[in-house]
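The values are calculated or read from the model by the stated rules, or taken from the named source; none is laboratory data. Since we're looking at a predicted model, the values are computed, not measured. Here the Cβ is made from the backbone with ideal geometry for all residues, glycine too, and neighbour counts use every protein chain on show.
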Amino acid sequence: MKPFSIDELGARVSAHLRRENRSQTKSRILFEKQLAIDYLERTVYWNGNAIPLLKKEFDILEVLSQNPGQVFDKERLYETVWGLDGLGNNSVVAEHIRKIRAKFAAVGAKQYIETVWGVGYKWKKSSIN
């Protein structure tokens, strides 16, 4: 039991509720008709072709894509994906973002994760079908 702020508690509760509600909503969401993310199958498709992501890479992508336009700093992403008891530091988030971007680039996909310099990362707001 580590001490934490009320904002962090709220973020954690929201994340758990979002995961719980995942089965009650559409499992596959299209972003601009080319990118499809299936949250139940935990798969990502670009023009119908699967983009292989590791568990933590998908977890980061899930947090960002379900909150388009919202900026997440590295620390908040780390705590959301790895939890309070995660071993390591938030610099691992930058490495995972780099790998996600490389996998998207390898299949010719558009980059949906934007860097907000000095703050963190966000998912580009786009038309969700």
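Identify, by number, the condition in (1) at pLDDT 90 or above; (2) surrounded by 11 or more Cβ atoms within 10 Å (Cβ to Cβ) that residue 86 doesn't meet.
(1)
Going residue by residue through the stretch 11-22, is there one that turns out to be loosely packed, with under 15 Cβ neighbours inside 10 Å, of a type in the set (Asp, Glu) and at pLDDT below 95?
Among the residues of the stretch 11-22, at least one is loosely packed, with under 15 Cβ neighbours inside 10 Å, of a type in the set (Asp, Glu) and at pLDDT below 95, which makes the answer yes.
Farther than 22 Å from residue 7 by Cβ, within 15 Å of the chain's Cα centre (by Cα) and in contact (Cβ under 8 Å) with a residue 40 or more places away in the chain - does that describe any residue in the stretch 43-52?
Checked the stretch 43-52: at least one residue is farther than 22 Å from residue 7 by Cβ, within 15 Å of the chain's Cα centre (by Cα) and in contact (Cβ under 8 Å) with a residue 40 or more places away in the chain.
In the set 92, 63, 44, which member is outside any helix (DSSP H, G or I), of a type outside the set (Lys, Arg), modelled with pLDDT of 90 or more and surrounded by 15 or more Cβ atoms within 10 Å (Cβ to Cβ)?
Unique residue meeting the criteria: 44.
Could you tell me which residue of the stretch 95-113 is surrounded by the fewest Cβ atoms within 10 Å (Cβ to Cβ), considering only residues that are assigned to a loop (DSSP other than H, G, I, E, B) and at negative phi?
111
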